[in-house]
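Single-structure report; data block below.
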Amino acid sequence: MEHVDGPETAERTGVVAATSAEADEHLIREVESIAVALGRMFPGLCEVVLHDLRDPQHAIRAIENNLSGRKVGDSVTELGLARIEDPSYPSVIQNYPNQFPDGRPAKSTSIGIKNAAGEYVAALCLNLDVSVLSPVTLALSNLVATDTEHRDQSLETLRDRNARELRRVVEELAAERAATPRSLSRESKKALVRQLHQEGHFDSRDAAQNIADLLGVSRATVYNYIK
């Protein structure tokens, strides 16, 4: 006997559909909050657009930092249509080159949002205006650039000359003991400090602290070593 769906079946189907639609709407509202927060974090720099893929002809649900001239209610983009047609389409397309209508270059990321049934219901898109950053990048590059004529040679060291000489002496004395200054044993450090003191390397004001730093000990320890 052929089964005929009755009113109860139709009612259950309607309830399920209504529940699913309500869940989708809740999901999109949550993503909308994220879109607004992201847009307000990068004012004037990054356009954030939320597409409602359930209505491709009027897909734009929210737009923050409007850099493309679009408005709420405008249609979906090609990526949105691709996701509507194919649920297996990649959920994240990241850092791809793009362009605003006025020709400004952009770097974009598109994130597809799926519901519990595995269907794309929304897409969150970020469009970074890289034309704003390009002059900054160039300025920073020029700022840190050095003259090529002297790039491979050090003309000066921006440290106290006495400190440089002290470092050289300490490293040479440690090398004679087949070690680096910090890897010396306690007794070897003590002997090295006493030698430095006898040779007059404590004459400068910061000598004790510099020696302490080189040996990896405290300033008080250095003074204890020479007692």
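The values are calculated or read from the model by the stated rules, or taken from the named source; none is laboratory data. Every value quoted in this text rests on a predicted model; they were computed, and no experiment measured them. Cβ atoms come from the backbone with ideal geometry, glycine included; neighbour counts cover every protein chain shown. Surface accessibility is based on the protein's heavy atoms, side chains included, excluding ligands, DNA and RNA. Shrake-Rupley method; radii C 1.70, N 1.55, O 1.52, S 1.80 Å.
Note on residue 19 and residue 96: their simple-model spin labels are 3.6 nm apart, each label 7 Å out from Cα toward Cβ.
Diffusion coefficient of the stretch 16-72 by Stokes-Einstein, Kirkwood radius over Cα pairs, 37 °C, 0.692 mPa s: 271 µm²/s. Per-residue extension of 0.36 nm, minus the Cα-Cα distance of residue 179 and residue 220, leaves a gain of 12.5 nm for this segment. Kirkwood radius, the chain, all distinct C-alpha pairs, inverse of mean reciprocal distance: 24.4 Å. Figure note: 202, 42, 100 ranked by solvent-accessible area, largest first, 1.4 Å probe, ligands and nucleic acids not counted: 42, 202, 100. Label sites at residue 78 and residue 199, each approximated as a point 7 angstrom past Cα along Cα to Cβ, lie 7.2 nm apart. List residues of the stretch 118-137, by number, whose backbone nitrogen lies under 14 Å from a label position 7 Å along Cα→C-beta of residue 45. Once the point is set 7 Å along Cα→Cβ of residue 45, 127-137 turn out to lie under 14 Å by backbone N, inside the stretch 118-137.
Every helix of 4 or more DSSP H residues in the chain counts as -39500 (n - 2.57), and over all residues that averages to -15000 deg cm²/dmol at 222 nm.
Computed over the stretch 45-102, the P(r) tail beyond 18 angstrom holds 37 percent of alpha carbon pairs. Full extension of the chain between residue 191 and residue 104 gives 24.6 nm of extra length, using 0.36 nm per residue less the Cα-Cα distance.
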